[in-house]
Amino acid sequence: ALGSGRFWAAVLAVAAVVAGLGRPRRGGVQAVAALAVGYATYRQGPQLAVGLALAAAPAHLVGAWFAARAGRRLGGSRALAEFAAGVRPLLVGAVAAHTALAVPLLALAGAPLRAAVPLAVLLFLARLLLRHGAPARARRAPVLVALAAAAVSAPVAAAGLLVHAVFALSRASAHAHT
């Protein structure tokens with residue numbers, strides 16, 4: 001029902017989740033993210049959207065931490081292979097830290113964890129890839145595909161985007177201007 005408080009809470013939470021990805025840019029990432037989270041919220045309930053909105057805070061904090069550490073590693077590396085070897089475990093650690101911080105917030109909101117955790121990880125990776133990585137057009141394509149695939153299987157979409165992120169974010173060019 002459009003007049004229910006649950007509906008409007010879910011709408012506001014979806015907006016907060018999408019805003020957590022950053023400023024809207026061309027390419028429709030925010031629209032696809034809104035559709036993916038909106039569809040998941042429709043299937044799982046408004047608690048999912050509220051939980052994902054709460055998980056946006058640790059996504060921002062851990063993302064900033066990752067960017068700062070990767071930037072420092074870039075300055076201290078003598079070779080591209082050395083940089084990549086140091087950033088890969090840093091990225092995996094950032095994903096693990098975000099997940100560890102997001103799970104209690106998702107549970108606090110009453111979100112179903114089986115659906116919420118993969119979506120939170122997917123949105124965190126999307127945030128990192130949209131801020132770092134290849135040129136803007138190349139960054140958006142894998143994120144769009146993963147967000148669209150989340151409607152079918154969020155865990156598979158998150159795992160696929162994690163593999164892409166490990167390769168994309170371990171390039172020195174991904175952090176040259178952060």
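Couple of notes before you dig in:
- Reported label for calculated Cα Rg over 2.2 N^0.38 Å given (i) 1.13; (ii) 1.02; (iii) 1.20: (ii)
- Our estimate of slack between A97 and V156, defined as 0.36 nm per intervening residue step minus the Cα-Cα distance, is 19.2 nm.
- Spherically averaged projected area of the range 70-148 from its Cα convex hull (nm²): 6.2
- For the range 4-74, the alpha-carbon radius of gyration amounts to 1.28 times the rule-of-thumb value 2.2 N^0.38 Å expected for a compact globular protein.
- In nm, spacing of pseudo-spin labels at A107 and A141 (7 Å Cα→C-beta vector): 4.0
- Over the chain, dividing the summed -39,500 (n - 2.57) contributions of all DSSP H runs of at least 4 residues by the number of residues returns a 222 nm mean residue ellipticity of -27000 deg cm²/dmol.
- Using C-alpha pairs under 8 Å with a sequence gap of at least 6, the mean separation divided by the residue count of the chain gives a relative contact order of 27 percent.
A short reminder: the numbers here are calculations on the coordinates, not readings from a lab. Please read these numbers as outputs of a predicted model, since none were measured by experiment. Here the Cβ is made from the backbone with ideal geometry for all residues, glycine too, and neighbour counts use every protein chain on show.
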